[in-house]
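Chemist: First, the structure itself, so that you have it in front of you.
No lab work stands behind these numbers, since they all come straight from the coordinates. On a predicted model such as this, the values are computed, not experimentally measured, just so you know. Here Cβ is always computed from backbone atoms with ideal geometry, including for glycine, and neighbour counts include all displayed protein chains.
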Amino acid sequence: MKKFYIILFLVLGTIATQAQPLRRVNTANRVQQLEQPQAKPATSITDHAFTANWEPVADAVAYCVYTYVKNVAEEDGLYTIIDEDFLGITQGSIIEPAGGDEMLVELDDYTVLPGWMAYAYPTFIPSMVDGLLYSPYLDLRNDDGKYRIVLHVFATDGDEIRVESNGINGKEIKTYQAHVPDGTTGISVDTLYFDNGTRDLFFSVINMTAQIGMPDYVDRVEVLQQLKKGDEVFTQVALDEAVEAETEWGDAVTSKRFDDLHFAYGVTDLYYDLYAVAYDFSTPNGSTPYTTVFSPYSEMVYVDLKNHHSEMGVSEIPAATRNDDAWYTIGGVRVDRPMTKGIYIRNGKKLIVK
C-alpha cells in the first residue's frame, strides 16, 4: 500500500469507522484493476519548471505524480541512498520541545529530500524529531531488494524501537532495543537489514516504549545498498500525490505543473512518472468501506530543463550531474557562496558552514 493512503487511514480512521453505517456500498462500483497510465512528454518547459502530461485512465479518482533525478553507480560498492539528519530543524530544546500541536507534519522545510513526515503530534528539538516518522519513497530495487538502515536515535537505554518497511514484495517489521553506551540516556546507533526493497519502498520508525518526559527522538537516518557498476537509482525530488482525476466541473485532469524543483539542487536532467488510483466499494477494507486500487506505474518521461526538451523513456539518457561550483541553502536556494552560518548543499552533500 502506498504511503499516502496509509497516512490517510491513520488520520481519517475514526471518521471512516463512524461513517461506515451511513455509506451504502455500491456493489456495481467494482474497480478491481486500473490500466497503466499513458504518460506524455512534458510541455511548457523552462529552466526551472515543466508540466507533466498523461492520458486519462478510466475509473481513476486520482493520480500520483513524481519527479526524479537519476544517479548511476560508477563502480561496485556500498552506496548511501539517503542520509538525513534533520539539520534544518533548529527550534525547540530538551526542556521545551517545539511542535506537538499538529497531528501530521510534513518535514520538507527541514530535510534534504522531500517526503519525510511525522505523525502523532510530533515534537522537535534541534536536528531531531519524535513521533511516528515516515521516510520518503525510495528506489531500492537493486541488489535483489536487499538494503540496510542505520538509525541514530536519542533514547533511553533499552527502549524498544520499531521499524516497519513497506514494499510491493510485502512488509517487514523489525524491533530492537536502544543501546546507549553508558546505559542511561543518549544516542543509540544500530543497523537493520531488510530484503523487501522495491522501486517505491518507504518505512516508518517509532519508539514503542518511550516515557513521558524522557527523550525519544530520531536524530539521523541512513539508507545504504550494495550496487554494481551501472546500477541506476531514481531519487524523488518532487511529488504531488492525489491529483484529482476530474475538476469540480467534471473535466478530466491530465496534467500537473512542477514549478518548485529546489530539491533537485540544480540538476537539469529530470524524469517523471505516475500511477492512477481508484476505490473499489465492493470490497471493504476493515473499517474503511472500500479498497484502494492502484494502477501500474506509467512509463518514465525524460525532461531536459537546460534545453527545454522532453521525450519518452529513459534509455541512453545521461545520469543527473550536479554543478561542482554551485551552493544551495537547505531550502534549495542557489547562492554564489555561503554568506552566513548554516547548512548548505554542494555536490549533493550537506555541509555545515561555521
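Chemist: What percentage of all Cα-Cα pairs in the stretch 222-322 are separated by more than 17 Å?
Modeler: Of all Cα-Cα distances in the stretch 222-322, 67 percent exceed 17 Å.
Chemist: Using only the Cα atoms of the stretch 95-222, each taken as one equal point scatterer with no solvent, compute I(q) by the Debye sum, divide by I(0), and report log10 of the ratio at q = 0.09, 0.11 Å⁻¹.
Modeler: -0.25, -0.37
Chemist: Let me ask something else about it. Students often get this wrong, so check it: of K146/K256; K40/K306; K40/K70, which have C-alpha atoms separated by over 25 Å?
Modeler: K146/K256
Chemist: Quick check for me: using +1 on Lys/Arg Cβ and -1 on Asp/Glu Cβ, what's the dipole size of the stretch 70-110 about its Cα centre, in debye to the nearest 20? Please report the intermediate quantities before stating the final value.
Modeler: Numbers: 1 positive and 12 negative charges, 8 e Å.
For the stretch 70-110, the charge dipole is close to 40 debye.
Chemist: Check each of the chymotrypsin sites (Phe, Trp or Tyr not before Pro) in the stretch 191-261 and keep only those in coil by DSSP with at most 11 other C-beta atoms within 10 angstrom; list them in order. List each step's numbers first, then the result.
Modeler: Numbers: sites: Y193, F194, F202, F203, Y217, F234, W249, F258; in loops: W249.
Answer by residue number: W249.
Chemist: Mind jotting down the distance between the C-alpha centroids of the stretch 233-305 and the stretch 113-145, whole Å?
Modeler: 20 Å
Chemist: Pop a pseudo-label 7 angstrom from the Cα along the beta-carbon direction at both T46 and M214 and give the gap in nm to one decimal.
Modeler: 5.3 nm
Chemist: Another question about this same structure. Please state the Cα pair-distance histogram of the stretch 143-199 with 5 angstrom bins from zero: what percent is in each bin?
Modeler: Result returned by the calculation: 4, 19, 26, 18, 13, 10, 7, 2.
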